[in-house]
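Have a look at the structure below, then the notes.
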Amino acid sequence: MPRPAVCSLCLVVTCVHLYVSVTAVMCVGCDHQSASNQLTPKEMEVCHICGAFLVVGDIPQRVEEHVSGKQHMGYAKVRDTIENLKVRLDLNYMKFTYLSYLNNS
């Protein structure tokens with residue numbers, strides 16, 4: 001006798017129900033749920049150089065490791081290069097406009 005076709009959504013729903021019931025059985029008698037409720041979210045800030053999330057008031061060693069890290073150093077180098085190029089372009093534009101002014105006078 002052929003088996004009836006089962007859609008993938010029905011399989012997913014069945015798997016989710018099975019997972020929830022197994023997890024509930026595993027957590028019977030443990031303090032797992034009350035421990036997860038005691039966790040408090042940490043206050044975070046965004047690094048102004050690389051955009052990474054940093055914990056406010058974190059230990060200095062972790063902050064130093066972040067600042068000396070590859071991602072932070074790379075973004076700092078890119079930002080410095082962009083600033084230098086902006087300054088050079090502004091100076092070249094100023095020279096060009098000044099020279100154009102002198103030639104038109």
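The values are calculated or read from the model by the stated rules, or taken from the named source; none is laboratory data. What you see is a predicted model; the values in this text were computed from it and never measured. Backbone-built Cβ (ideal geometry, glycine too); neighbour counts: all protein chains shown.
Mind checking which residues of the stretch 75-105 are part of a helix (DSSP H, G or I) and of a type in the set (Ser, Thr, Tyr)?
Filtering the stretch 75-105 down to residues part of a helix (DSSP H, G or I) leaves 75-104.
Correct list: Tyr75, Thr81, Tyr93, Thr97, Tyr98, Ser100, Tyr101.
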Practice task
For the stretch 15-26, indicate whether the set of residues that are surrounded by 10 or more Cβ atoms within 10 Å (Cβ to Cβ), in contact with a Phe, Trp or Tyr (Cβ under 8 Å, 6 or more places away or on another chain), at pLDDT 65 or above and not charged (D, E, K, R) is non-empty.
Solution key: no
Fill in the blank from the handout: Contact list, first residue from the stretch 82-97 and closer than 19 Å to Ile49 by Cα, second anywhere and modelled with pLDDT of 90 or more and not small (Gly, Ala, Ser), beta-carbon distance below 9 Å, six or more apart or interchain, is none
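Filter the stretch 51-105 down to residues that are among the basic types (Lys, Arg) and surrounded by 10 or more Cβ atoms within 10 Å (Cβ to Cβ) and give me whichever is nearest to Pro41 (Cα to Cα). Full working, then the answer.
Restricting attention to the stretch 51-105, the residues satisfying the condition of being among the basic types (Lys, Arg) are 62, 70, 77, 79, 86, 88, 95.
If we keep only those that are surrounded by 10 or more Cβ atoms within 10 Å (Cβ to Cβ) as well, we get 62, 77, 79, 86, 88, 95.
Values: Arg62: 18, Lys77: 32, Arg79: 31, Lys86: 40, Arg88: 45, Lys95: 54 Å.
The qualifying residue nearest to Pro41 (Cα to Cα) is Arg62.
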Exercise for the section: Considering only the stretch 39-55, state which residues are in contact (Cβ under 8 Å) with a residue 12 or more places away in the chain and either farther than 24 Å from Gly74 by Cβ or among the polar types (S, T, N, Q) (or both). Expected result: Lys42, Glu43
